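Note sheet for the following structure.
The values are calculated or read from the model by the stated rules, or taken from the named source; none is laboratory data. Given the structure is predicted, the values throughout are model-derived calculations rather than measurements. Note: ideal-geometry Cβ built from the backbone for every residue, glycine included; neighbour counts use all protein chains shown.
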Amino acid sequence: MGSSFATYATWWIRQAISRAIADQSRTIRLPVHIVEKLTKLRNVMPRLEQELGRAPNLDEIAEAAGMSSERVHEIMIACRGTLSLETPIGEDGDASLGDFVADREIEDPVDTAARNILRKEVHGILSELSDRERRILELRYGLGLRDPLTLQEIGVEVGLTRERVRQIECEALDKLRLAVRSQNLRELLV
């Protein structure tokens, strides 16, 4: 072969070390071929900057590296550093990056879970009422997909007087209070 073992082994050791660094040095692992292209770009950029006397633009880097401008741009985006959402922000460091990144439009999962549990419990309690009592409470408090109705509107809808609707509502609410006490739901309602 003509080469000493040390020459041959050095190349393989260097490659193994490079691969280990590429695989384990980043929070988000990049494929080896991307790391190799990034290394090529990192070698080309300082050389170009020295030759041109200024920072090279994307097209100049791409030409010197033998890649397309789009590919260079993709590699540079893929190789950006990562930030922890726990990174302190501000002069006091009281806030974290996650405080500003959080989506305020999304409901808190704890609130969603609590509401689902409460909905199931309320449905269970309402099942203890008669159909007429349940219907009147659903209409009065908008428990379905409808808006809450007045006693007069409910009376027209179910064919009862306003006063009778009020009486049935009071009876149903009394039944619910007893059911809530017996099922220890007070904690969920707070």
(message) I'm trying to understand the selection: among the residues of segment 47-90, which are in a loop (DSSP other than H, G, I, E, B), more than 27 Å from His33 (Cβ to Cβ) and more than 30 Å from the chain's Cα centre (by Cα)?
(response) Gly53, Arg54
(request) Only residues that are among the small types (Gly, Ala, Ser), surrounded by fewer than 10 Cβ atoms within 10 Å (Cβ to Cβ) and more than 30 Å from Arg47 (Cβ to Cβ): list them for segment 63-100, please. (result) Gly93
(message) Within segment 114-165, take every residue that is small (Gly, Ala, Ser) and free of Cβ contacts under 8 Å to residues at least 60 places away in the same chain and give me the one that is farthest from Arg177 (Cα to Cα).
(response) Gly159
(request) Starting from segment 33-46, keep only residues that are under 17 Å from Leu58 (Cβ atoms), then list their pairs with residues that are basic (Lys, Arg) whose Cβ atoms are within a distance under 9 Å, requiring at least 6 positions of separation or different chains. (result) Lys37/Arg71
(message) Being within 30 Å of Ile34 (Cβ to Cβ) and not assigned by TED's automatic domain parsing to the domain that holds Ile28 is true for just one of Leu139, Leu129, Leu97. Which residue is that?
(response) Leu97
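So which residues in segment 125-160 are in a helix (DSSP H, G or I) and at pLDDT below 85, if there are any at all? Please lay out each step first, then the result.
Taking segment 125-160 as the starting set, the residues that turn out to be in a helix (DSSP H, G or I) are 125-126, 131-141, 151-158.
The answer is Ile125, Leu126.
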(message) Please pick out the residue among Ser18, Ser25 that is surrounded by 11 or more Cβ atoms within 10 Å (Cβ to Cβ) and modelled with pLDDT under 85.
(response) Ser18
(request) Scan (1) modelled with pLDDT of 80 or more; (2) surrounded by fewer than 10 Cβ atoms within 10 Å (Cβ to Cβ) for the single condition Asp103 breaks and write down its number. (result) (1)
(message) Tell me whether segment 107-124 contains one or more residues that are surrounded by 12 or more Cβ atoms within 10 Å (Cβ to Cβ), in contact with a Pro (Cβ under 8 Å, 6 or more places away or on another chain) and not in a strand (DSSP E or B).
(response) no
